[in-house]
Amino acid sequence: MADLVDVVIIGGGPAGLAAAIAAHRRGMSCQVLEKAALVNSLLHYPDEMVFFTTPELMEIGGLPFVSPNEKPNRREALRYYRRVTDSIGLNVALFEPVTSLRRNADGFFDVISQPKNGAPVERMARFVVLACGAYDVANRMGVPGEDLPHVSHYYRDTHSHYRRQVVIVGGKNSAAEAALEIYRAGGHPTIVHRGDALGDSIKYWVKPDIENRIKERAVRAMFNTTVVEITPAHVVVNGPDGRSEVPADAVLLMTGYRSDPVLLREVGAAMDPETAAPVHNEQSFETTVPGLFVIGAFVAGKQSGRIFIENGRFHGEVVIAEIGARLGPRRS
C-alpha cells in the first residue's frame, strides 16, 4: 500500500515551497515533487537576469532574503531558495516528475512519480496542490520553421549572439531585455512585433532604454509585423510594406508560456476553454475536483504573466489554511 500523506505539492518553485513551509509549520505530512531542479524555472532564466522586484517581495515563509543589491539577480535568488529549503528541512524530491494523478475509490489521490534512476513511486495524498508553474510550455506560433535548430522559445545567454543577426519576436519585457543585452554584447538584434508599439508592462527602467536604442537604430524594430515563415537564414515577415526577409543567424520567439494541463485533464478538473486555466474558487484556490488546489502561475493558464513571485507566494498559505481547517485542530 502506498504511503499516505496529508499533502502532496507538485512543483518545487517559490509558490510550491511557500506552501510546503506553511504545511510544515502546521504539522502536516507533506511531500514536494519537482520534475527537475529546485526552482527550475528560475534556473533557466538568462544568466544576467535581474528581477523586477526588491528582495523582500521574493521572500517566502517570513525568511529574510538579504541582498546587497536593490534588485536581486538570478544567482542570488537560486541561493536564497536553496537555503530556505535546507533551513526548514522541507521534504523535496528533485528530478522526480509526476506521471499520473487520479482519485481512488477511497477518495484519496494516487500520485505516481518517476525518479530519474529507479522504479516509479506511488503515494497517496489526502490533498494535492498543483504548483507546476508556467514556464515549460511555450506559446507556439505555428509557422513553418519554428522547430529549426537555430530557433528557441527561451533566451539563455548573451555571449553566443556576439556578432550575429538575431531576430527577436515579441514586444514585452523578455523581448526588450534580450534585445538590449544582445546589442550590448556586440550582437545585432531585430525586434519583430505584431503590435504598433512595445508593451506597457516593460520594466520602468528598461522601457526608456529600449525605446532610445530603437530611435538611434542600435536596435532595429519592425512593428505591425507578423512572422510568416522561418528559414535557416531568414525570417520571412509581413508588415506595413508587405512581405520581406530579415537575415537571422538565430531566432528568439519571446511569445510567452503557459501551464501544462495534462495532470488536470487526467484527474478530471475543469478548465477555461479560452485561457486553459483551471476553473477554481478565487478564495480557496480549490479546483472542481474536491481536495485539488492550484497555486502560483499555474492558476492563470495562458495568462501566466499576471502571476509573479511577489503575489503567487501567498497562494500556498491560503490553501494550507483551508486544508488545515478540514484536517481538524491537530494540524491547524
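The values are calculated or read from the model by the stated rules, or taken from the named source; none is laboratory data. All figures in this text were calculated on a predicted structure; none of them were measured in a lab. Glycine gets a Cβ as well: all are built from the backbone with ideal geometry, and neighbour counts include every protein chain shown. Heads up: the accessible areas ignore ligands, DNA and RNA and are worked out on the full protein's heavy atoms, side chains in. Shrake-Rupley method; radii C 1.70, N 1.55, O 1.52, S 1.80 Å.
Tabulated data
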quantity	calculated
Helix-derived mean residue ellipticity, 222 nm - over the chain, DSSP H n ≥ 4, -39500 (n - 2.57), to 500	-6500 deg cm²/dmol
Accessible area, probe 1.4 Å, largest first, for residues Arg220, Arg194, Arg123, Arg265	Arg194, Arg265, Arg220, Arg123
Coil-residue GluC sites (Glu not before Pro) of segment 199-246, DSSP, other Cβ within 10 Å capped at 13	Glu216
For the chain, accessible area per residue (1.4 Å probe, heavy atoms of protein chains only), Å²	47 Å²
Cβ-based charge dipole, the chain, positive-most Cα from Leu148, Gly301, Phe314	Phe314
Point-charge dipole on Cβ atoms (K/R +1, D/E -1) for segment 52-200, about Cα centre, debye to 20	260 debye
In the chain, lysine pairs with alpha-carbon atoms under 28 angstrom apart (chain gap of 8 or more, or interchain)	15
Rounded accessible area of Cys132 (nearest 10 Å², 1.4 Å probe)	50 Å²
Residue-span extension gain [Met124 to Lys203] - 0.36 nm each, minus C-alpha spacing	24.1 nm
Three-way shape label, segment 257-302, alpha-carbon gyration tensor, a/c 1.5	oblate
From phi via Karplus (6.51, -1.76, 1.60), per-residue ³J(HN,Hα) for segment 88-105 in Hz, x at Gly/Pro	7, x, 5, 8, 10, 9, 9, 6, 9, x, 7, 9, 7, 9, 9, 8, 9, 5
Point-to-point label distance, Arg25-Thr54, nm (Cα→Cβ direction, 7 Å offset)	2.1 nm
Accessible surface of segment 88-207, 1.4 Å probe, proportion on carbon and sulfur as whole %	50 percent
Cα gyration tensor shape of segment 1-63, rounded if a/c is under 1.5, else prolate or oblate by comparing a/b with b/c	oblate
Read-out mean projected area of the Cα convex hull in nm², derived from the coordinates shown; its label in (i) 18.3; (ii) 21.0; (iii) 16.0	(i)
